[in-house]
Amino acid sequence: GSNSESKRGALIVLEGLDRSGKTSQSSKLLTYLEGLGHSAELWRFPDRSTNVGQMISMYLSNKSQLDDHTIHLLFSANRWEKRSLMETKLKTGTTLIVDRYSYSGVAFSSAKGLDLEWCKAPEIGLLSPDLVLYLDIQPEKAAERGGYGGERYEQLEFQKKVAKCYQGLHDASWKIIDACQPIEDIEKQLQEIVLDCVLTCQKGKPLSNLWS
Ligand code: TMP
């Protein structure tokens, strides 16, 4: 668009194994974009603040047990309950930096052995990210970083399976970042890619839906 009101924000997702550095890089990106005067927000999935999010949180902390399909659909529902707000924010010019999204949903559930297409189906129609930043780290390296908080999926053998499943999800919107570089180098790299994406979206790149 030509005036500032028609400039949409970008949907930027960070993905990666647990302890890959997504969360700290996400907040650095927010600070960076805000510093440049862009309207931006930091989101994360699961969003534990909703009722569905509470159920997910109980499951992750092993306080409840749920069938693998059931928890998969709850993670998806947790994104669906945010979809319309997400669209409004983007259309009114706010860039969203999102810590985990549908790719986590599919990678973690298919790592348990659930059918890939079945896992992808409930994500169809959610907003498609303009950019997916995958913080690439070997599962062994991530485990060495420590700080696995003891949540359900924070185990090396399972994370190895998740890493394999993530590999099958890469598409044209993905940028693979070596997460073992010094933090400042990763930060610089991400800033460049993200700024480019934000400007492309401002120029009128249309929003689309998963999976595309
Ligand atoms: P977090 O540590 O980023 O809050 O994520 C919690 C865990 O939930 C993490 O191990 C990844 C997993 N997860 C899924 O299994 N499916 C999903 O859809 C999402 C968003 C996260």
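The values are calculated or read from the model by the stated rules, or taken from the named source; none is laboratory data. Treat the numbers as computed from the prediction; the structure is a model and nothing was measured. Note that we place each Cβ from the backbone using ideal geometry, even for glycine, and neighbour counts take in every protein chain shown. Ligands, DNA and RNA are stripped out before the accessible areas are found, and what is left, the full protein with its side chains, is counted by its heavy atoms. Shrake-Rupley method; radii C 1.70, N 1.55, O 1.52, S 1.80 Å.
Things to note:
- In degrees, nearest ten, helix 51-60 long axis to first principal axis of the chain (Cα): 50
- The chain - share of DSSP beta bridges that are antiparallel (%, nearest 5): 5
- Taking label positions 7 Å along the Cα-Cβ direction at both His170 and Lys203, the computed distance is 2.5 nm, reported to one decimal.
- Value of relative contact order over the chain, rounded to a whole percent, pairs C-alpha under 8 Å and six or more apart: 35
- Ordering Ser102, Ser39, Gly21 by the projection of their Cα atoms onto the charge dipole of the chain, which places +1 on the Cβ of Lys and Arg and -1 on the Cβ of Asp and Glu, puts Ser39 at the extreme positive end.
- Region 148-195: radius of gyration and largest Cα-Cα distance (Dmax), Å: 13.8, 36
- Whole-percent P(r), the chain, all Cα pairs, 5 Å bins from 0: 1, 7, 15, 19, 21, 17, 12, 6, 2, 1, 0.
- Pairs over the 25 Å Cα-Cα cut-off, from the set Lys141/Lys188; Lys120/Lys164; Lys63/Lys175: Lys63/Lys175.
- In terms of the mean number of neighbouring beta-carbon atoms within 10 Å, the peptides 144-152, 47-55 order highest first as 47-55, 144-152.
- Put a plus charge on the Cβ of each Lys and Arg, a minus charge on the Cβ of each Asp and Glu, and nothing anywhere else: the dipole of the chain about its Cα centre is then about 360 debye.
- Cα-centred dipole magnitude for region 102-188, charges only on beta-carbon of K, R (+1) and D, E (-1), debye, nearest 20: 240
- Between helix 22-35 and the chain there is an angle of about 10 degrees, using the helix long axis and the longest principal axis of the Cα atoms.
- Spin-label zone in region 137-165 - amide nitrogen under 17 Å from a point set 7 Å from the Cα of Lys63 along the C-beta vector: 149-153
- Whole-percent carbon and sulfur share, accessible surface of the chain, 1.4 Å: 51
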